[in-house]
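This report refers to the structure that appears directly beneath it.
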Amino acid sequence: MKGSTGPGLFAHRRGRASGQPLAERMRPRTMNDFVGQDHLVGTGKLLRRAIEQDRLPSIILWGPPGTGKTTLARIIARTSGASFVALSAVLGGVKDIREAVQQAQERLGMEGRRTILFVDEIHRFNKAQQDALLPHVEAGTVVFIGATTENPSFEVISALLSRCKVLKLEALTKNHIETIIHRALINKNQGLGSVDLTIDDEVVALMARAAQGDARRALNTLEVAADIALEGPDGGRVITAAVVSEAMQSNTLLYDRSGEEHYNVVSAFIKSLRGSDPNAAVYWMVRMLEAGEDPLFILRRMVIFASEDVGNADPAALQTAMAATDAFRFMGMPEGALPMTQAAIYLATAPKSNTSLTAYAAARKDVLGLGALPVPAHLRNAPTKLMKEMGYGKGYKYPHHFDGHYVAEDYLPDQLRQRTYYQPSKAGYEQVIASRLSIWHHASDADDADANKEPNATKDAGDPTGVTARDAADATDDADHRNEQSTPRNEQGDAQHDRNDTSDDRP
């Protein structure tokens, strides 16, 4: 595509005499010029009807950057004939809101003219600032239009949400962006149509793809490319793919580490691992890394996943995730991305089981619901003579003195006997675990009488060690008692830190 030859190479810069960039100069001024969002402004659609009938309620426009939120607000004001007052939540505050409302009241009383109060980045207003809007929105003193890139459910107070209609804008498509670029190239008054520029359709497509649905980014790239383009054989300037790449520099990905897109990408990563798709898992992991996410956050999610979604179906999964964490700490970036990728692939392709999660949840339900049930007497620690005389530890069967190092025994509180928390799946290594448990249970049923006997009540002549089951049990209990008293309880800080990390939605 070739722009028309005009009065000079940098004629387009005259439009910037007021400091306006190309994106601002090319902002649509009528609904017919507006590109995209057909689900809202297409013929017969909700917002289009409200504008045409001049019956617009207070609204919140929610969508990615460069999708037309501010433009829509201005078109609405121009179409309705209302006065348009714009505030930035970054720079403004309660004082600015009060001044705008006072002027709106005077304008309505003296001229009978309504006011549209537009607040850009409404999510940056705190609760008190948002509260200041409520009475005026409710009374209809102003028609409120808020714009935000963040989910209003999280960032806007419920009282204000209930008084507004939330309209979601979508990222512009590649075709939408191409249309906007072509308009800028042929528009002689506001765009680059008066400049002798040559640009192929493939290069326009490259810019459209790189814009990632953001019209402002596309026009900014085009403007810089027009400035730095090299002169061609005919004296005009040629915008090539290399020029566009230089104009774009680094391609900043849409990703807010504290916003909704952060949780969307993390959720996609976890769901891809859980769904056994290594390709998608690697893609979402790289998306996070390239957008500046802390690699340790991603690794922590993989460690959690290894226990929660793989578990004992493949015990090596947890070892792999921890090894990747250690390797990253040792290597750093960029090489540290390699063990992270290896771990992501391993986790995605490992057999899956969530029995660790379900067992924990079921046991926790009983603990919270039934309280601190008493420890059965035969399982109690007996470090003193008195405790032994009280029956603590009496009847305990020491498994190592039985065939197969197993003996049937009740280890749960009396109220929870026969309760089953862990039910191994049929995936991976849990098949082996299930088989082992089945053998133990059948052996218990087949020889219940022998299982209930306490062997070696006196010194066992057949045992070369001469140690009775009770002696071994007491020694074990004494060691446990000493360890319990010497183990520091300082893990609460780390546990609380991870407890707050809940970006994935669990069942």
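Results, tabulated for the structure shown:
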{"read-out": "Per-residue Cβ neighbour rank within 10 angstrom, fewest leading, TRP284, TRP440", "value": "TRP440, TRP284"}
{"read-out": "For segment 125-284, projected area of the alpha-carbon convex hull averaged over all directions, nm²", "value": "13.7"}
{"read-out": "Proxy reagent accessibility, fewest Cβ within 10 Å first, across VAL266, VAL94, VAL238", "value": "VAL94, VAL238, VAL266"}
{"read-out": "Candidate lysines for bridging to LYS397, where Cα separation is under 25 Å - those fewer than 8 sequence places away on the same chain excluded", "value": "LYS385, LYS388, LYS453, LYS459"}
{"read-out": "Segment 36-168, relative contact order in percent, only Cα pairs under 8 angstrom and at least six apart counted", "value": "33"}
{"read-out": "Kirkwood hydrodynamic radius of segment 36-168, Cα pairs, Å", "value": "14.8"}
{"read-out": "Neighbour-count order for VAL286, VAL195, fewest beta carbons within 10 angstrom listed first", "value": "VAL286, VAL195"}
{"read-out": "Viscosity 1.002 mPa s, 20 °C: Kirkwood-radius Stokes-Einstein D of segment 173-248 over Cα pairs, µm²/s", "value": "177"}
{"read-out": "Interchain or long-range residues, amide H under 5 Å from VAL166's placed H", "value": "ILE60"}
{"read-out": "Calculated P(r) of segment 247-386 - Cα pairs past 24 Å, %", "value": "44"}
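Read-outs: derived from the displayed coordinates by stated rules, not from any lab. These numbers were taken from a predicted model, which means no experiment stands behind them. Neighbour counts run over all protein chains shown; Cβ positions are idealised from the backbone, glycine included.
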